[in-house]
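Have a look at the structure below, then the notes.
The values are calculated or read from the model by the stated rules, or taken from the named source; none is laboratory data. Computed from a predicted structure; not experimentally measured. In this analysis, Cβ positions are derived from the backbone assuming ideal geometry, glycine residues included, and neighbour counts consider all displayed protein chains.
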Amino acid sequence: MMRRRIVWLPFVLAGCAPVPTLLPQQQPDIEPPYRRIIAERLDTLFSQDAQMRAVSISGVRRIASFVGVEWRVCLRGTANSIAGGSGVRTYAIFINKRNEIVDRRLAEPKDGCDQEHFEPLARA
């Protein structure tokens, strides 16, 4: 019984020692210039028929995705629908580390846009 304890002792003690990090230190993620990115691409994000107006934007949120770190911005505005009429719609817009818009869709509850604070977006 004593022999088993002695054999395991180095492994137990090794677990208490600091382990040097072999992974390279990651640079902190820099928040993209999201207001400029979206303002410059607003006309291409939505069709001309939508006539997006009274556009407001939320702050940017860092999110983890299957492709790595991305940023999520919520955009709210009045737009025409395909069926006719108009209404306020909220979109989730995703920006990658290269400051490219990689996705845009109607916001879903999981996006958390309902809890965001929105400010007017000046068009470019």
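The residues of region 41-62 that are hydrophobic (A, V, I, L, M, F, W, C), within 15 Å of Ala92 (Cβ to Cβ) and in a strand (DSSP E or B), listed by number, are Val55, Ile57, Val60. What number of residues within region 41-62 satisfy the criterion of being within 16 Å of Glu100 (Cβ to Cβ) and surrounded by 14 or more Cβ atoms within 10 Å (Cβ to Cβ)? Result for region 41-62: 4. Looking at region 63-116 only, could you name the residues that are in a loop (DSSP other than H, G, I, E, B), surrounded by fewer than 19 Cβ atoms within 10 Å (Cβ to Cβ) and among the aliphatic types (A, V, I, L, M)? Of everything in region 63-116, those that are in a loop (DSSP other than H, G, I, E, B), surrounded by fewer than 19 Cβ atoms within 10 Å (Cβ to Cβ) and among the aliphatic types (A, V, I, L, M) turn out to be Val67, Ile82, Ala83.
I want to confirm something. Restricting to region 65-104 and keeping residues that are of a type in the set (Lys, Arg) and touching a Gly at 6+ places or on another chain (Cβ under 9 Å), which single residue is modelled with the lowest pLDDT?
Here the answer is Lys97.
Within region 77-96, can you find the residues that are of a type in the set (Val, Ile, Thr) and under 13 Å from Ser58 (Cβ atoms)? The answer is Thr90, Ile93, Ile95. Answer yes or no as to whether Ile38 is assigned to a strand (DSSP E or B), within 15 Å of the chain's Cα centre (by Cα) and surrounded by 10 or more Cβ atoms within 10 Å (Cβ to Cβ). Judged against the criteria, Ile38 is not a match.
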